[in-house]
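Since the structure comes first, as structure tokens, the remarks are kept for the end.
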Amino acid sequence: MRRPVTRTAAALLTTAAVAAAAGAIGAPTADAVPRTLGASAREAAPADIADQVRALPGVAKVTEATAPAGYRFFLIDFTQLVDHTSPAKGTFTQRITLLHKDVGRPMVMYTGGYNVSQNPSRSEPTQIVDGNQVSMEYRFFEPSRPAKPNWKRQLTIWQAATDQHVIIESFKRLYRQRWLTTGGSKGGMTATYHRRFYPRDVAGTVPYVAPNDVVDSKDVYNTFLNKVGNDPACRQTLTDLQRRTLKDRSWFLAKTRAVSKANNYTYEIVGTTDKAMESSIVDAPFAFWQYSTQADCATLPDPKTATNDQIWDFYENTSSLTGYADQLVSAYTPYYFQAAYQLGSPEPFENHIKDLLRYPGLDVAISFVPKDIRPKKFDKTAMPDIDKWVSTESRQMLYVYGGNDPWGAEAFTCGAKAAQRECARYFVAGGNHGSRIGQLPDAEKTRATALVLKWAGLGGGDQASKQMAAAGRPKQVPALDNVTPDYLRRGGM
């Protein structure tokens with residue numbers, strides 16, 4: 001299965017209650033400034049940005065790393081409550097990073113929904129507004145995990161949204177220009193959920209390729225995969241490669257076991273090497289269209305004439321047959337748990353090969369969650385609540401999807417009166433999971449960029465606005481902008 005809340009009392013906390021909980025770890029409250037800094041301290045704040053960051057509530061450690069000229073880059077340990085509804089449960093350390101340009105520029109908060117990269121980069125909105133960027137590691141992804149986690153209570157979309165809220169409130173003390181949020185794939189979902197629970201935290205949000213699995217039992221992913229692209233022959237080739245592999249299962253299983261042995265891979269989570277391998281085979285068409293383009297159809301091996309080694313290489317580049325080894329899949333345990341508990345996930349795309357499967361129906365999120373933490377019930381209220389908010393109440397939201405990306409088969413919709421609410425959605429024709437504003441047709445790109453600049457509070461006289469008007473694209477910083485986003489590294493959703 002490809003990787004990318006109940007509105008309980010936790011979600012219904014008042015603003016005052018949230019502030020009180022956050023205050024337990026030094027997050028800002030209305031009267032915290034005079035107690036912690038005082039007027040004289042504020043007036044004499046250290047000039048160096050590193051010292052100013054160290055003084056922010058919740059910041060436990062700041063380490064400066066290398067950045068291109070004109071920027072500073074910091075690795076930060078941030079103290080978060082384990083449970084935002086119960087400060088007595090203690091705290092854990094969450095990793096965040098800061099790419100600093102100028103406190104006078106807008107701030108973009110980014111999350112990929114998984115681990116946070118320890119190397120500097122700029123998301124597309126950060127490039128457009130020529131701003132600063134805070135990036136957040138999602139709770140429960142190692143090492144940002146409590147010592148004794150309560151998965152069902154503490155790994156919810158509301159808890160993660162509150163992590164983001166606390167960080168924003170802290171860093172707003174230093175970065176006082178407009179804030180935007182963004183993220184790709186699970187990060188785009190994360191950015192959406194944060195706005196649902198804390199709609200006034202920022203001036204705008206740009207989620208990329210964010211799935212919206214409203215009712216987990218009603219999927220259209222398979223319908224999409226049956227029609228994706230403009231070449232039926234390409235889709236048939238993918239099917240034929242799967243069937244060739246399953247018919248010659250003994251060879252591929254022996255190879256998978258040999259490679260696994262050489263790498264000390266085990267398969268206790270999924271159950272057996274055979275189960276794990278079969279799930280990767282089922283994944284192949286989804287993974288191909290997620291990461292590749294129509295033009296890549298020409299590179300597919302011929303199912304009739306290719307050697308088994310050539311077909312093995314196809315899987316290594318698309319959906320590795322060892323990809324569900326414990327040592328690899330365990331890095332994504334928080335995602336699979338959330339998919340099996342609140343987020344939902346695609347049904348297996350297997351009808352065209354079902355006659356050759358030994359484990360039909362296995363390729364679902366819960367199969368990749370360790371047995372001791374598998375949720376017993378699915379929260380059927382979380383995603384409908386989010387979907388309703390986006391389509392009826394959300395404001396200043398800009399969704400970008402790829403036309404050929406399977407994750408966009410179930411996309412967020414802005415609903416009625418979208419224009420008045422400045423909620424917009426665009427699809428890059430033929431685009432995959434890496435689709436972005438810069439790939440849109442000129443008219444759509446201009447409209448989308450104008451929204452981002454407007455939300456950032458940048459008028460026509462600002463340097464970023466002038467750059468976009470003159471060149472149609474942000475000024476590039478190669479060391480920061482030619483970086484593969486974390487959610488596009490194979491293995492991630």
Residue span Asp442 to Asn308: 0.36 nm per residue of separation minus Cα-Cα distance leaves a gain in nm of 43.8 nm
Once normalised by the length of the stretch 218-348, the mean sequence separation of its alpha carbon contacts under 8 Å that are 6 or more apart gives a contact order in percent of 36
For the stretch 157-248, the dipole about the Cα centre with charges only on Cβ (Lys and Arg +1, Asp and Glu -1), to the nearest 20 debye, works out at 300
For the table Lys89/Lys186; Lys227/Lys388; Lys152/Lys380; Lys101/Lys172; Lys218/Lys380; Lys255/Lys371, the rows whose alpha-carbon distance is greater than 19 Å are Lys89/Lys186; Lys227/Lys388; Lys255/Lys371
Rounded to the angstrom and largest first, Cα extents along the principal axes for the stretch 209-318 equal 38, 36, 22
Within the stretch 408-457, DSSP-loop GluC sites (Glu not before Pro) with at most 16 other C-beta atoms within 10 Å are Glu422
The percentage of Cα-Cα pairs in the stretch 245-304 separated by more than 13 Å is 69
In debye to the nearest 20, the charge dipole size for the chain, taken about the Cα centre with +1 at each Lys and Arg Cβ and -1 at each Asp and Glu Cβ, equals 820
The size of the Cβ-based charge dipole (Lys, Arg +1; Asp, Glu -1) of the stretch 356-493 about the Cα centre, to the nearest 20 debye, is 120
When the charge dipole of the stretch 82-239 is computed with +1 at the Cβ of Lys and Arg and -1 at the Cβ of Asp and Glu, the Cα pointing farthest to the positive end, of Ser121, Leu174, Gly187, is that of Leu174
A 1.4 Å probe over the protein heavy atoms gives the chain a carbon and sulfur accessible-area percentage of 50
Mean accessible area per residue over the chain (1.4 angstrom probe, all protein chains present, square angstrom) is 41
Relative contact order in percent for the stretch 46-113 (Cα pairs under 8 Å, 6+ apart) equals 23
For the stretch 206-261 the trypsin sites (Lys or Arg not before Pro) that pass both the DSSP coil test and the at-most-11 other-Cβ-within-10 Å test are Lys218, Lys227
With 0.36 nm assigned to each residue of separation and the Cα-Cα distance removed, Asn264 to Gln463 gains 66.3 nm
Given 314-321, 195-202, 456-463, the highest-first ranking by average Cβ count within 10 Å works out to 314-321, 195-202, 456-463
With the 8 Å Cα cutoff and a minimum separation of six or more residues, the stretch 132-268 has a relative contact order in percent of 16
Expressed in angstrom and rounded, the centroid-to-centroid distance over alpha carbons for the stretch 317-361 and the stretch 60-121 is 31
Over the Cα atoms of the chain the radius of gyration and the largest Cα-Cα distance (Dmax), both in Å, equal 23.0, 78
Summing -39500 (n - 2.57) over every DSSP H run of at least 4 residues in the chain and dividing by its residue count gives a helix-only mean residue ellipticity at 222 nm, to the nearest 500 deg cm²/dmol, of -10500 deg cm²/dmol
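The values are calculated or read from the model by the stated rules, or taken from the named source; none is laboratory data. Keep in mind the model is a prediction, meaning the values are calculated, not measured. Please note: Cβ atoms are built from the backbone with ideal geometry, for glycine as well, and neighbour counts cover all protein chains shown. Remember, those area values only see protein heavy atoms, side chains included, never the ligands or the DNA or RNA. Shrake-Rupley method; radii C 1.70, N 1.55, O 1.52, S 1.80 Å.
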